[in-house]
1. By the scheme Lys and Arg +1, Asp and Glu -1, what is the net charge of all other residues having a beta-carbon under 12 Å from that of E82?
2. Could you calculate the FRET efficiency of E43 with I74 from 1/(1 + (r/R0)^6), where r is the beta carbon distance between them and R0 is 41 Å, rounded to 0.05?
3. Can you give the FRET efficiency for L28 and L55, using 1/(1 + (r/R0)^6), R0 = 30 Å, r = Cβ-Cβ distance, to the nearest 0.05?
4. Could you pull out which residues in region 44-58 have an amide N less than 14 Å from a spot 7 Å beyond the Cα of F66, following the Cα-Cβ vector?
5. Compute the signed sum of charges (Lys and Arg +1, Asp and Glu -1) over the other residues within less than 14 Å, Cβ to Cβ, of N48.
6. Rounded, prolate or oblate: which fits region 19-108, taking a ≥ b ≥ c as square roots of the Cα gyration tensor eigenvalues, rounded meaning a/c under 1.5, else prolate when a/b beats b/c?
7. What's the local net charge at A35, with K and R +1, D and E -1, over the other residues with C-beta under 13 Å away?
Amino acid sequence: MTPRGKPKKNDGSLAGSHEKAKFPGFRLSLEIEKATNLRKVLEECILNSKVEHLLREVLGIAKKEFHNSIIDLIKRKRLSVESELEKLVEVELRILTLWQKKTDMPKATKLGSAPLGERNNEDSGSNRGC
C-alpha cells in the first residue's frame, strides 16, 4: 500500500520479467538494450580519450610557445643590456677623451701608469700660480 492508503499497482515488471526471460524475443531485446548501453559507454570513453589527447596536444603546443617566448624575452633583455653597456663604454670613452683634452696630460699619466707621487707634484705645482 502507498502512504495514502491506496493499493499499490502490480505492473508485473519484477515478477513478470522472470517469466518473460523465458521468451527468446524478450531475451533478445534485453541483449540489444545491454549492447546499446555498452555502446554509449564506449562512445563516451572514446570521446573522453579524444578530448584528453587533444588537450595534451594543445597544452604541449602552449608549453612550447611559452618556452620560446621566454627564451626570446631573455635574448631581448640580454641584447638590451649589452647595448646599454656599449653605450656606457662609449660615454666613458668620451669623458676620458674630454678629460685628456682639458688636462693636456700624457696618455700614460691619464691611464694611471705614472707613480702617484709624480701626479701629486704636478697638481701642487699648478696650484702655486693661483
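1. +3
2. So the FRET efficiency works out to roughly 0.30.
3. Calculated transfer efficiency: 0.15.
4. In region 44-58, the label zone of F66 (backbone N under 14 Å from the point 7 Å along Cα→Cβ) covers 56-58.
5. Net local charge, N48 excluded: 0.
6. It comes out prolate by the Cα gyration axes.
7. My count for the surroundings of A35 gives +1.
Quick note: the coordinates plus some simple rules give every number you see, no bench work behind them. Here the structure is a predicted model, which means the values were calculated and not measured. In this analysis, Cβ positions are derived from the backbone assuming ideal geometry, glycine residues included, and neighbour counts consider all displayed protein chains.
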